[in-house]
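Encoded as structure tokens, the structure appears first; notes follow it.
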Amino acid sequence: MELDFVRIECEIIDKKSAQLTDALNNELRNFEAYFKSSSCLVDHKLCSSCDLQVECAYRIVFNQALSSDPETVRLHQKPSLPFSLYISCISDNTLLCTSGIIVIGYAVNYVEYFHAALLEMIMKCVNTATQSTDALLRSYSLNYLGERHEISHAASLLENVILLSGRHILQNSVHSECIKLILKSPLRLLSNGSITRRFDFAAFFCSQLRRCSSLWAYYGVGELDLDFVQLSGYSQNVTALDNSIKYIQPSWSGKLNRAGLTGTVECVGLVDPMIPLLILGSYFNAGKGASYGSGFHQIEVE
């Protein structure tokens, strides 16, 4: 049982970091086009007539093909994309903006294309949103503790990134009955076909349980060995305290509907292995649009 992934983060120092952050949040949805441009070896506008379709990194990453195993399809249906983007600030320094990506499973083999696409997206936003000529950009690979190790732009990028293990996280996470959940970008959970406007721990937990198990089944080796029904039942008993989570429409979203839940909540009454699963899930974002930056969050064990 294994699910590997890497975490790459780009730090941008710019005098207009607020404008850059807004531009990046709006540009995340276009990441597919940047990846296609960075990975295409022929002409990304002529996909239908391309002779390299079988080995095409773009098709392999974005095809979301159903499993040949009927049981996997029954349990997990269509797979999520094998990456999660995010925008974050790493300090109170108003000059700093960070944009990162988690690359999951076999998609790690194409990490150089993900990195190139991320850089291209950032530079476009710098050029259009801030028109800065002195912006500084550095790339890092992060370990389990969030410690950053600078990486080069070389073609051997795969040799310079830190490979993280989902199994290691599940087996080595701290156990507790209390956590603090910090929603840093709008969490968009569906309820009866609509985005929910109030935080419910059980709904959040079950969503992460489905997301982690699906990513593991499609992009990892084996299945998560968890009792889904039992854990779902236990999640109903978790109590939310000091709940400051609110439903908001971000100012940067413009005409696009990116509304969702943001804020902080303390949750008590968790049982094993809820916390290891939630820590693993925090790498992959949560809810609708998770691959493109929605539902970016942190888990702090109390």
_Members of segment 252-270 that are at pLDDT below 95 and in a loop (DSSP other than H, G, I, E, B)_ = Gly254, Lys255, Leu256, Asn257, Arg258, Ala259
*Got a sec? Which of Ile169, Ile151, Ile195 is at pLDDT 95 or above and not charged (D, E, K, R)?*
Ile169
*Which residues, taken from segment 151-188, are in contact with a Ser or Thr (Cβ under 7 Å, 6 or more places away or on another chain) and not aliphatic (A, V, I, L, M)?*
Asn160, Lys180, Lys184, Ser185, Pro186, Arg188
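Here is a yes/no grid of residues against (1) in contact with a strand residue (DSSP E or B) (Cβ under 7 Å, 6 or more places away or on another chain); (2) surrounded by fewer than 21 Cβ atoms within 10 Å (Cβ to Cβ); (3) touching a residue at least 12 places away in the same chain (Cβ under 8 Å):
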{"residue": "Gly193", "(1), (2), (3)": "no, yes, no"}
{"residue": "Phe199", "(1), (2), (3)": "yes, no, yes"}
{"residue": "Phe204", "(1), (2), (3)": "no, no, yes"}
{"residue": "Leu209", "(1), (2), (3)": "no, yes, yes"}
{"residue": "Ser213", "(1), (2), (3)": "no, yes, yes"}
{"residue": "Ala217", "(1), (2), (3)": "no, no, yes"}
{"residue": "Gly220", "(1), (2), (3)": "yes, no, yes"}
{"residue": "Val229", "(1), (2), (3)": "no, yes, no"}
*Would you point out the residue of segment 107-149, among those that are closer than 28 Å to Glu300 by Cα and charged (D, E, K, R), that is surrounded by the fewest Cβ atoms within 10 Å (Cβ to Cβ)?*
Glu147
*Matching option when the condition is within 20 Å of Ile299 (Cα to Cα), among the aliphatic types (A, V, I, L, M) and in contact with an Asp or Glu (Cβ under 6 Å, 6 or more places away or on another chain), among Leu241, Leu231, Leu189*: Leu241
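The values are calculated or read from the model by the stated rules, or taken from the named source; none is laboratory data. What you are looking at is a predicted structure, and each value in this text was computed from that prediction instead of being measured. Glycine gets a Cβ as well: all are built from the backbone with ideal geometry, and neighbour counts include every protein chain shown.
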